[in-house]
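Visitor: Take a look at the following structure, please.
The values are calculated or read from the model by the stated rules, or taken from the named source; none is laboratory data. Worth saying up front: this structure is predicted, and the values here are computed from it rather than measured. Counting neighbours? That spans all protein chains shown, and the Cβs are built from the backbone with ideal geometry, glycine included. For accessibility, only protein heavy atoms count, side chains too; no ligands or nucleic acids. Shrake-Rupley method; radii C 1.70, N 1.55, O 1.52, S 1.80 Å.
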Amino acid sequence: MSDPAMSDPRDDAVPVRGRRQWDLPKQADPTAPLLEVRDLRTHFKLDRGWVKAVDGVSFNLADGEALGLAGESGCGKTTTALSMVRLLPENGRIRKGSSIKLFGIDLVPKTERQLQRYRWREISIVFQGAMNALNPVIRVRDQIAEPVRVRLGQSETSSRKRALELLDLVGIPSRRSDAYPHELSGGMRQRAIIAMALACDPAIVIGDEPTTALDAMVQAQILQLLEQLRRDLGLSLMLITHDLSVIAETCDRALIMYAGKVAEEGPVSRVFTAARHPYTQKLLGAFPNIRSDRRTLEVIPGSPPDLLNPPPGCRFAPRCQYVMPICSEVVPPEITFDDGVRVACHLYTTASEGAIGSQTTTVEPTAATAAAASPASRASA
């Protein structure tokens, strides 16, 4: 796990707007944050009703920053990321009231044709299955050149030259550029996908579990490559993973999701060393630590809720060891602390030490709340 005392990896990054090869979108506000997501709700229509896969998620992403999204399978990590450029199945809908602002431009009301201006040019994706993401009958070089030609209008010659430069950037020799995907190893295919994601010099790269199915050594190489590219190119990175150690090593901030909502979000050094939400505490407790005493890993009892009909109040309440009557009735407020951590839990209110604000109505702390939130109580759990 990363040492919190290490220097900020963004110190060496070049601001996105300062190193872009292409102009910002015409509607961009030069003073606006890179990415602002507010109250994102992405639902999927089934015969039995609407699945609330993402239900009120908010976060920011700054120039050169890496944000890690973690949580159990089905918590909404990938759906959140794919909603950025609306790469959703036909039954997926982003609900009214959701806002995804890139350079101050709201992408939610954009038409499919208008969104093509932003896909790959501003936000690109490294998919988790390289063999499935690459076309098996087209040479790797030509697949990387395609977005340069189609999205940027470059000539065939310029596109291929750019493809060779990108392959060299990610560590693939030019002599392998005419290979088909099946002729490359798993690690090289993943590098080719990264090269394709960088083809149009995007502001944001989304990594959807980019090291899945790779062996430990290749995983380390891919993660090191992503980190180096982020520093050298000033990229902003959204990294989706189940592996908390990956977030600890490569990200500046962590966003923990549960059942379509944000449980906790903040700087990695704080979330990993002083987790506040009971779900985050359990996730960290379920991860082995080679520096701690030998112990049985934590287990979270029960299963995530059915998002067709999620429970009222806190969605983690049925599995939480600190559950109180209010947890099953009222959606917990999002409290932001002065150390930059945001948490949605009834254990904390604006009266909590270090709390500086709330996005929803809070409740007064009770004796049960104070006892459950105390350090002694968490230490004995």
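Visitor: Calculate how steeply helix 140-152 sits against the longest principal axis of the alpha-carbon atoms of the chain, using the helix alpha-carbon long axis, and give the answer as 0 to 90 degrees to the nearest 10.
Guide: 80
Visitor: Which distance in Å, rounded to a whole number, links the C-alpha centroids of region 292-327 and region 123-161?
Guide: Region 292-327 and region 123-161 have Cα centres spaced 43 Å from each other.
Visitor: While we're on this one: In degrees, nearest 10, range 0 to 90: what is the angle between the Cα axis of helix 216-233 and the longest Cα principal axis of the chain?
Guide: 80
Visitor: If you count, for each residue, the other Cβ atoms within 10 Å and average over each peptide, how do 295-303, 335-343, 200-208 line up from highest to lowest?
Guide: Details: 295-303: 10.1, 335-343: 19.3, 200-208: 23.2.
Peptide ranking by packing, descending: 200-208, 335-343, 295-303.
Visitor: Rounded to the nearest 0.05, what FRET efficiency do Lys26 and Arg231 have when you use their Cβ-Cβ distance and R0 = 30 Å?
Guide: After rounding, the FRET efficiency stands at 0.55.
Visitor: Moving on. Please find, in a Gaussian network model of the chain (springs between Cα atoms separated by less than 10 Å), the residue of Val140, Val262, Val218 whose mean-square fluctuation is greatest.
Guide: Val218
Visitor: Could I ask something else about it? Have a look at the DSSP beta bridges in the chain and tell me what percent are antiparallel, nearest 5.
Guide: Details: 32 of 50 bridges.
Once the DSSP bridges in the chain are tallied, antiparallel ones form about 65 percent.
Visitor: Further question: Percent of accessible area on the chain owned by carbon and sulfur, 1.4 Å probe? Please list the in-between numbers first.
Guide: Details: 9110 of 17770 Å².
Roughly 51 percent, rounded to a whole number.
Visitor: If I fit a long axis through the Cα atoms of helix 186-197 and take the longest principal axis of the Cα atoms of the chain, what angle between them do I get, 0 to 90°, rounded to 10?
Guide: Once rounded, one gets 80 degrees.
Visitor: Further question: Only Cα pairs under 8 Å and at least 6 apart count here; give the relative contact order of the chain as a rounded whole percent. Present the calculation step by step, with values, prior to reporting the outcome.
Guide: Working: 704 pairs, mean separation 67.6, N = 381.
So the answer I get is 18 percent.
Visitor: How much accessible area per residue does region 136-198 have, counting only protein heavy atoms and a probe of 1.4 Å, in square angstrom? List each step's numbers first, then the result.
Guide: Numbers: 2970 Å² over 63 residues.
I get 47 Å² per residue for this part.
Visitor: 222 nm [θ] for the chain, helices only, -39500 (n - 2.57) per DSSP H run of 4+, per residue, to 500?
Guide: For the chain, the value works out to -7500 deg cm²/dmol.
Visitor: Specify which labelled value, from (i) 21.1, 64; (ii) 21.6, 71; (iii) 22.4, 88, agrees with Rg and Dmax of the Cα atoms in Å derived from the coordinates of the model shown.
Guide: Computed from these coordinates, Rg and Dmax of the Cα atoms in Å corresponds to label (ii).
Visitor: Sticking with this structure for a sec: Mind checking region 222-279 for trypsin sites (Lys or Arg not before Pro) that DSSP puts in a loop (not H, G, I, E or B) and that have at most 15 other Cβ atoms within 10 Å?
Guide: none
Visitor: How far apart, in nm, are two points set 7 Å out from the Cα along the Cα-to-Cβ line at Glu72 and at Arg117?
Guide: Rounded to a tenth, the inter-label distance reads 4.2 nm.
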